[in-house]
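Comments concern the structure below.
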Amino acid sequence: MKLHGIRVPHKKNTAECAPVRMAVPASVTIPMSMHIGKPAKAVVKRGDKVKVGQLIGEADGFVSSNIYSSVSGTVQKVDEMTASNGAKIACVVIAADGQQEIFEEIVPPKVKDFDSFISAVRASGAVGLGGAGFPTFIKLGVKDLSKIDAVVINAAECEPYITSDTRTMLDKGEYVFKGIEALKKYMGVKRFIIGIENNKKAAVQKMQALAAQTDGVEIHVLPSVYPQGGEKVLVYNTVRKIIPKGGLPLDVGVIVINVTTLAFIAEYLETGIPLVEKCVTVDGSAVKEPKNVIVPIGTPIEALIEGAGGLKCDPAKVLYGGPMMGIAVPSLAEPVLKNTNAVIVMDEKEAKPPKTTPCISCGACLNHCPLRLDPRAIARAYKLQSGEDLEKLCVDLCMECGCCSYICPANRPLVQTNKLAKIKLREYAASKKAEQEKEEK
Amino acid sequence: MNKLISSVSPHVSGKRTTQNIMLDVVIALLPAAVASVIIFGWRSLLVIGVCVASCMLSEFLFEKLCRRENTVLDLSSVVTGMLLAFNLPVTIPIWQAVLGSVIAIVVVKQLFGGIGQNFANPAITARIIMMTAFSGTMTAWVTPEIADVVSSATPLAAAAKGNKDGMPSYLSLFLGTHGGCLGETCALALILGGIYLLARGVISWHTPVAFIATVAVMSFLCGKDVLYQVLSGGLMIGAFFMATDYATTPSTKWGKVIFGIGCGLITILIRFWGNLPEGVSFSILLMNILTPYISKLTQNKPLTGGVKA
């Protein structure tokens, strides 16, 4: 069986642009929530002097992540900001002094065994850098290590434009393999699979050369069919197993980790410098010179664009991430987050939403959905507000990859409908559960 | 600073639109249109023009009347008009062609909700209604202008009557120089159009292959002339252009195969055991009615793995 997908224009304009380090911005805004889970608790206050790598937000609860200062300078305020999804979240605004002094208490972590390894990963502030932002220490902190048959390293980078993972492989390939060694040593993993799309020839070659010197590493060169990097798709295309609905890759004996996340962990084990900066691809039709830049986390998008060479014209739409699954940001003041791998700035022409016309029942959506959902039927069920039908249609399986909307000749907003349908299904499931409980009483 | 656009992902879309799909179908129908003019003369062009114009006009007026969004520019009514014209004899009175177009667009398409909502193929249904209403003019086959046969009967009518002399040669069948509806006779032009649609990804091969193969196999099993059956009647236009209509046929691969086989079987039943010499139109209409059931039967199964609660 082959999973469906779509061919999207690659637009990997920046694949050959080695990242350049940008001048430190005047100030950074670091949100306390850049991960899935509970926001971190700010542990600094106005006027505090901070240095690079100093803890400013402490993980609050189990599913949470530490947050460190990305600049040296003075805390201007601990404020509230509106995130791109509209939620109000706490943030720490730091005026940078431009010195970028490293926090003196930083030392490489002492790692002897699995537990100390997981604590180190937790302390590093690592989250899924591919975009999901799930705290990495939870993903790696597997209770029963014998359940892991393989670690799949996600280097597919299937979104158009983005090349930051490609740069990780080219510039920090050694760290990817040091990360593999660490997982071997502390977690006892024996099999590693690096999944890369075939449009990244240089990265494939580099990974193959390094893999030749390491035991147990397979390089899977995958066709450039979007969404090759979707977790479920990648796991199926590498180990031929389907992750059960509502389950995790571990249910089929796999851990999936983004290539940049893995390289970062290896680097952290060596230096002890936590996650404070990111390599970000700056591209899009409004950008003067597409490039990869390394910036402190919290750098406002405005400063990022300026530092990367500025814009050709007024921006019409700005995205965190790629054009298929990226999030449109409400303003240029939004900061670069831990899981920001690209900032795409579109001009008016590229951003112009296509005209929606009536559905012609061509079936392109259901014939291109990697998870074999039927977006047309989901849209109908949503229109009828039928939770029962939505449950049968498994809308909760949808990963919002965007294939359906992309391929739709009528340009129906199918992903949007799926998102709404998921909310409807959750409401339906909750009310069904409440009713059942009532009956039991 | 101007305001930034905010919207749900994806932020790009593919190049395909309803309009350019329909344009592809129109392009695919052009060889057959040209062939009809060569075979049956300039009146074919008049009939095609009248059908296209009245389909577009009735779509425009009906949508205006119902205050629906205007969809004339999506070109689907042009496709309906061309297909309807192709299913009429060249001698059809103009007023009947106009009436047929109005039936196709207003009754079969718009009354059911417009594009994508109709359950039956507009052109085919209109043709069947016209065959019932105007059985005389609808079967007034004329001898093609460049014909090599004298009989004006269609090849299938000739074959049904056992009229060996009236049966055209394979070459004549392939080129379409024999009696029949103005756009259905030239297998060559229709196959060219079909290949274009396949190459452009507008249709998939499943329906036409299943349809034509079923007719071929069944003809063989029934001891009939396979090539003759495949090349005559409305099979080519039906298999490539009508049985592949999006709204009225299943969307899944297996659904399309079942649909094609069903069409083939009904066509054979009507041709060999029915009262009518030709059954392609009826077979597609009947299968249109079964489409929701076939769709349900062949629905994609979501990849839930072993479902975890």
About the Cα centre, charge dipole magnitude for the protein assembly as shown (Lys/Arg +1, Asp/Glu -1 at Cβ), debye: 840
Cα lying deepest toward the dipole's positive end in region A:114-271, options A:Asn199, A:Thr166, A:Val254, charges on Cβ: A:Val254
Debye, to nearest 20: dipole size of region A:364-440, +1 on Lys, Arg Cβ, -1 on Asp, Glu Cβ: 400
Of A:Ala266, A:Ser124, A:Gly141, farthest towards positive along the dipole that unit charges on Lys, Arg, Asp, Glu beta carbons give region A:114-271: A:Gly141
Distance from region A:47-78 to region A:7-35 (C-alpha centre basis), Å: 21
Largest-first principal axis extents of the Cα set of region A:290-441 (Å): 62, 43, 23
Sorted by Cβ density within 10 Å, fewest first, the residues A:Glu334, A:Glu218, A:Glu435, A:Glu302: A:Glu435, A:Glu218, A:Glu302, A:Glu334
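Mind checking A:244-257 for the average number of partner chain beta-carbons within 10 Å of each residue's beta-carbon?
2
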MRE, 222 nm, helices only [DSSP H, n ≥ 4, -39500 (n - 2.57), over the protein assembly as shown, to nearest 500]: -12500 deg cm²/dmol
Sequence of A:Glu437, A:Glu58, A:Glu400 once ranked by neighbouring C-beta atoms within 10 Å, starting from the fewest: A:Glu437, A:Glu58, A:Glu400
Sites matching GluC sites (Glu not before Pro) across region B:22-96 that sit in DSSP coil, with at most 13 neighbouring C-beta atoms within 10 Å: B:Glu69
At most 13 other Cβ within 10 Å, DSSP loop - trypsin sites (Lys or Arg not before Pro), region A:198-270: A:Arg240
Neighbour cut-off at most 15 other Cβ (10 Å), DSSP loop, trypsin sites (Lys or Arg not before Pro), region A:311-384: A:Lys312, A:Lys355
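Could you grab the relative contact order for region A:364-440? Cα pairs under 8 Å, six or more apart, rounded to a whole percent. Present the calculation step by step, with values, prior to reporting the outcome.
On the way: 81 pairs, mean separation 26.4, N = 77.
Result for region A:364-440 is 34 percent.
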Sorted by Cβ density within 10 Å, fewest first, the residues A:Lys288, A:Lys143: A:Lys143, A:Lys288
Value of D in µm² per second that Stokes-Einstein yields for region A:114-271, Kirkwood Rh from Cα pairs, at 20 °C (1.002 mPa s): 139
With eigenvalues of the C-alpha gyration tensor scaled by 5 and rooted, the protein assembly as shown, Å: 61, 26, 23
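Suppose a student asked you for the relative contact order of region A:269-427, using Cα pairs under 8 Å spaced at least 6 residues apart; what percent would you report?
Numbers: 268 pairs, mean separation 31.3, N = 159.
The normalised contact order for region A:269-427 reaches 20 percent.
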Per-bin percent of Cα-Cα distances, chain A [20 Å]: 24, 58, 18, 0
Dimensions in Å of region A:351-392 - Rg and Dmax from alpha carbons: 12.2, 36
Relative contact order of chain B, pairs being alpha-carbon contacts under 8 Å that are 6 or more residues apart, as %: 17
Dipole magnitude of chain B about its Cα centre (Cβ charges: Lys, Arg +1; Asp, Glu -1), debye to nearest 20: 1000
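Read-outs: derived from the displayed coordinates by stated rules, not from any lab. This structure is a prediction, so every number in the text was calculated from the model and none was measured. Every residue, glycine among them, receives a Cβ derived from its backbone with ideal geometry; neighbour counts consider all protein chains shown.
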